[in-house]
1. Scan the stretch 90-97 and tell me whether some residue there is within 19 Å of CYS26 (Cα to Cα) and surrounded by fewer than 19 Cβ atoms within 10 Å (Cβ to Cβ).
2. Looking only at the stretch 274-290, filter to residues that are touching a helix residue (DSSP H, G or I) at 6+ places or on another chain (Cβ under 7 Å) and of a type in the set (A, V, I, L, M); which one of those is surrounded by the fewest Cβ atoms within 10 Å (Cβ to Cβ)?
3. Scan the stretch 32-48 and give yes if some residue there is in contact with a helix residue (DSSP H, G or I) (Cβ under 6 Å, 6 or more places away or on another chain), within 25 Å of TYR216 (Cα to Cα) and crowded, with 17+ Cβ neighbours inside 10 Å, otherwise no.
4. Can you name the residue in the stretch 104-122 that is surrounded by fewer than 24 Cβ atoms within 10 Å (Cβ to Cβ) and of a type outside the set (Asp, Glu) and is also nearest to the chain's Cα centre (by Cα) among such residues?
5. Out of everything in the stretch 65-83 that is touching a residue at least 60 places away in the same chain (Cβ under 8 Å), of a type outside the set (Phe, Trp, Tyr) and part of a strand (DSSP E or B), what residue ends up being surrounded by the most Cβ atoms within 10 Å (Cβ to Cβ)?
6. Please go through the stretch 156-194 and give me each residue that is in contact with a helix residue (DSSP H, G or I) (Cβ under 7 Å, 6 or more places away or on another chain) and under 15 Å from MET119 (Cβ atoms), ordered by number.
7. Looking at this structure, is ALA140 of a type in the set (Gly, Ala, Ser) and under 24 Å from the mean Cα position of the chain (by Cα)?
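The values are calculated or read from the model by the stated rules, or taken from the named source; none is laboratory data. None of these values were measured; they are calculated from a predicted model. Neighbour counts run over all protein chains shown; Cβ positions are idealised from the backbone, glycine included.
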Amino acid sequence: MSDDAHDPTRKNSPSVSALYLHVPFCARRCLYCDFPTRAARADDELLVAYARALRLQLAELTSLGLLEGVRTAYLGGGTPSFLGPKTLGSLVAAVHRACPALAELSCEANPDSLGDELMAKLVDGGVTRVSVGVQSLDDAELAALGRAHDATSARRRLSAAVKSGLLVSCDLMCATPLQTERSWRTTLAGVIDAGVGHVSVYPLQIEESSAFGRRYAHAEAAFNDPDVQAARMLEAERALGAAGLVRYEVASYARPGEACAHNLAYWTGRPYLGLGTGAAGMLDAREYARLSVAAPQLPELPANITRVRLTVTSSPRAVALRPRLRDLSCDLEFLTADQALCEDLMLAARTSAGLGAPLLERARERLGARRLDACLGRVLRRGLVTLRPDGALAPTRRGWLQGNELYGELWGLHEGEVLGARC
């Protein structure tokens, strides 16, 4: 990660550098899921109408000039591969048309819907990376999570994806029901043997609104104990590191040259746009004003605000039936310059590059040396970060495992409440 991402002089160039499109449809809803997704039939006409709506919104954004600097795009979900070759292929083509500077295009897929025809469509359409939702290579664990695939199909589709020439990532989940130390090692070894170049590892979060949240609301979930989570994450670090995959972000490991540039856009303070139900975006005041031209329902920017976070709250059906940007409903958060800077500090702490010296100097000037140094002293004494020879502060192993403490300290440097709005 370069500190150029935090350099205010870069505002002379197109600043929206990343685009996210959310596909909220799945073959089934997993038991742990609290994402904005819904189970659907593959022949549901809503899938086609929803994808058409996203294409129309891309065209609107293109007319505003908001996508001319986009370097990375990501189709996530949900399950984008569930759209099928024709519908997903048309959406991929629309992204390329809308983003002339595009250098990386990633697409999420599940093993049960990542067929050879669809994979060929992704390769031919200019997708550069496929991210496969594996979660586990143990059939009992997959069933307990409510996944639609089995371990054998996951292994086969990972191998096929690697052979296709795409960069291949896979998501794994730890501290889950029925998982053991041995089965976790087997899962890690399996994805390594498949030849993937990128792995993201997430401890299961039992969310209240999920089926697991209801199941375990009044029951002990020893499999998800914080100590178990930490042990699983440490084993992942060991196994993936031994295979040549290096951690570059709190949850992600990659072989040299295979880190996901789109992931890094989120953690380096670069403005990005999100389209689709539940999609999030982050814009500077200038880009927010440009977006407001096509979306006049957006509230006027309050005084002293430099950053806006937007989340689309329109349902999939509403997006499909009323696809214009002016018809979208959103939740918004408005950040002052100080709050945006504290957010940049917090996000940078999620990466192996850490808080670079230029970013720290800007924070010292804006927030005050005494306040910043007191905070940095606390996280240094607690062993959450370490000072590197180049003046950067990088998270330690303890910082990775106790990230919420580190992020909380840095975010806590800001003053005042974050303003919110809804439209």
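1. Scanning the stretch 90-97, I find at least one residue that is within 19 Å of CYS26 (Cα to Cα) and surrounded by fewer than 19 Cβ atoms within 10 Å (Cβ to Cβ), so the answer is yes.
2. Selected residue: LEU283.
3. yes
4. The selected residue is LEU105.
5. ALA73
6. ARG157, LEU158, ALA160, ALA161, SER164, GLY165, LEU166, VAL168, CYS170, ALA194
7. no
Residues checked against (1) of a type outside the set (Phe, Trp, Tyr); (2) assigned to a helix (DSSP H, G or I); (3) at pLDDT 95 or above:
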{"position": "ASP43", "(1), (2), (3)": "yes, no, no"}
{"position": "ALA49", "(1), (2), (3)": "yes, yes, yes"}
{"position": "ALA53", "(1), (2), (3)": "yes, yes, yes"}
{"position": "GLN57", "(1), (2), (3)": "yes, yes, yes"}
{"position": "PRO85", "(1), (2), (3)": "yes, yes, yes"}
{"position": "GLY89", "(1), (2), (3)": "yes, yes, yes"}
{"position": "VAL92", "(1), (2), (3)": "yes, yes, yes"}
{"position": "ARG97", "(1), (2), (3)": "yes, yes, yes"}
{"position": "LEU102", "(1), (2), (3)": "yes, no, yes"}
